[in-house]
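Read the structure below first, then the notes.
The values are calculated or read from the model by the stated rules, or taken from the named source; none is laboratory data. On a predicted model such as this, the values are computed, not experimentally measured, just so you know. Note: ideal-geometry Cβ built from the backbone for every residue, glycine included; neighbour counts use all protein chains shown. The area values use the complete protein model at the heavy-atom level, side chains included, leaving out ligands, DNA and RNA. Shrake-Rupley method; radii C 1.70, N 1.55, O 1.52, S 1.80 Å.
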Amino acid sequence: MAAPSHVLPFLSPAGGCAASSARAHSGYRAGLLRCSAAAGQAGFFTRLGRLIKEKAKSDVEKLFSGFSKTRENLSVVDELLTYWNLADTDRVLDDLEEALLVSDFGPKISFRIVDTLREEIRDGKLKSGAEIKAALKRCILELLTSKGGNSELNLGFRKPAVIMIVGVNGGGKTTSLGKLAYRFKNEGVKVLMAAGDTFRAAARDQLEVWAERTGSEIVIDNDKKAQPPAVKRGKREGFDVVLCDTSGRLHTNYGLMEELVSCKKVLAKALPGAPNEILLVLDGTTGLNMLQQAREFNDVVGVTGFILTKLDGTARGGCVVSVVDELGIPVKFIGVGEGMEDLQPFDAEAFVEAIFP
């Protein structure tokens, strides 16, 4: 009786299973190459995010000068605490609360901070004006870091990373996109701009000017939907980052707000996982009024980070803390001047030191 025939892989004839093994090996090598490429791209974006964040620490002087008006508003804190004594606690804390409110920290945050300080004073943990100021700074820093999370850009693990910029009219949206492109280009990043659903010809013209100033490529489509072609070109031509502009719109115009959802969907269709970031540009001069805008945009499109602009022209810098506390979304960049280099990566510790030196 003949033994049953069992085909064993390691004894297979060369013409059959050997060829299959070669194909498997080839597939394995291709898989390794894909994994290696993906890991390389992920490493590129991780290093880029960290590098941009580290630059923020070296640009503390710009941040310090950018918050001069807010710092002037809060200078009363030093006056209050210099000659503080235990008998004056209630009066000093009331005045401190008022200073925080005037700088647009908002009632909820101001009351919470002052209540924390009052409790620590009563428990004997704070015994001097210097200790109270240190505790005040600690409270604000803890709020920013615990509620805001990671302020680094999340650019994913493959090229191109896609960043979608949204906001109301006049908030500095296209200018912020241009300055962001400038910062990327300075780090050797290959940038492609897309004039998305920009309804105004002037907005597209403005983006073209920024593309020229920063040495970036740009895609403009006559049907106002340049984002999918830009993403496909970005992938085809090896761009690192695609920056997608959108038309400014009021958060109360629900028809236009819903169109942002369409923009997000077409980006995801053009490149699965896109957009990596949806950054909402908020005008810092509006102070606490920006909160409703932020809520509406976040509800509709899912904001991943804020860019707060024009903070050098306002004494309402406390709004930075307010918007993080209310929505738990990190501030990624802040505008502290009109120069191309004046869009600064947000660093919570540097911010606290800038307003409470």
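Hey, any hits in the range 68-89 for a residue that's touching a strand residue (DSSP E or B) at 6+ places or on another chain (Cβ under 7 Å), over 21 Å from PHE105 (Cβ atoms) and either modelled with pLDDT under 85 or open to solvent by less than 40 Å² (accessible area, probe 1.4 Å) (or both)? Lay out the reasoning, then the answer.
Of all residues in the range 68-89, those touching a strand residue (DSSP E or B) at 6+ places or on another chain (Cβ under 7 Å) come to none.
So far as the range 68-89 goes, no, none of its residues is touching a strand residue (DSSP E or B) at 6+ places or on another chain (Cβ under 7 Å), over 21 Å from PHE105 (Cβ atoms) and either modelled with pLDDT under 85 or open to solvent by less than 40 Å² (accessible area, probe 1.4 Å) (or both).
I need a count of the residues in the range 189-208 that are open to solvent by 20 Å² or more (accessible area, probe 1.4 Å) and at pLDDT 90 or above. Steps first, please.
Our first condition is that a residue be open to solvent by 20 Å² or more (accessible area, probe 1.4 Å); within the range 189-208, this holds for 190, 199-202, 204-206, 208.
Restricting the remaining residues to those that are at pLDDT 90 or above gives 190.
The qualifying residues number 1.
Condition first: assigned to a loop (DSSP other than H, G, I, E, B) and either open to solvent by 40 Å² or more (accessible area, probe 1.4 Å) or within 17 Å of THR89 (Cβ to Cβ) (or both). Now tell me which residues in the range 104-126 satisfy that.
ASP123, GLY124, LYS125, LEU126
If the requirement is being in contact with a Gly (Cβ under 7 Å, 6 or more places away or on another chain) and open to solvent by less than 40 Å² (accessible area, probe 1.4 Å), which of these qualifies: ASP283, ASP325? Steps first, answer last, please.
On the way: ASP325 fails: in contact with a Gly (Cβ under 7 Å, 6 or more places away or on another chain).
Only one candidate passes the filter, namely ASP283.
Determine which single condition LYS133 fails, assuming it passes every other condition in (1) within 15 Å of VAL242 (Cβ to Cβ); (2) at pLDDT 90 or above.
Of the numbered conditions (1) within 15 Å of VAL242 (Cβ to Cβ); (2) at pLDDT 90 or above, the odd one out for LYS133 is (1).
Conditions: (1) touching a Lys or Arg at 6+ places or on another chain (Cβ under 6 Å); (2) at pLDDT 85 or above. LEU308 meets all but one. Number of the miss?
Going through (1) touching a Lys or Arg at 6+ places or on another chain (Cβ under 6 Å); (2) at pLDDT 85 or above one by one, LEU308 breaks only (1).
For the range 254-307, which residues satisfy the criterion of being touching a His at 6+ places or on another chain (Cβ under 9 Å) and not small (Gly, Ala, Ser)?
Going residue by residue through the range 254-307, those that are touching a His at 6+ places or on another chain (Cβ under 9 Å) are 257, 292-297, 300.
Selection gives MET257, GLN292, GLN293, ARG295, GLU296, PHE297, VAL300.
Please specify each residue of the range 146-174 satisfying the condition of being part of a helix (DSSP H, G or I) and either basic (Lys, Arg) or surrounded by 16 or more Cβ atoms within 10 Å (Cβ to Cβ) (or both). Before the answer, list the steps.
Going through the range 146-174, the residues part of a helix (DSSP H, G or I) turn out to be 146-148, 173-174.
Within the range 146-174, LYS147, GLY148, LYS173, THR174 meet the criteria.
Return the residues of the range 169-196 that are under 18 Å from THR304 (Cβ atoms) and either β-branched (Val, Ile, Thr) or out of contact with any Cys (no Cβ under 9 Å at 6 or more places or on another chain) (or both); say none if nothing qualifies.
Passing the criteria: GLY171, LYS173, SER176, LEU180, ARG183, PHE184.
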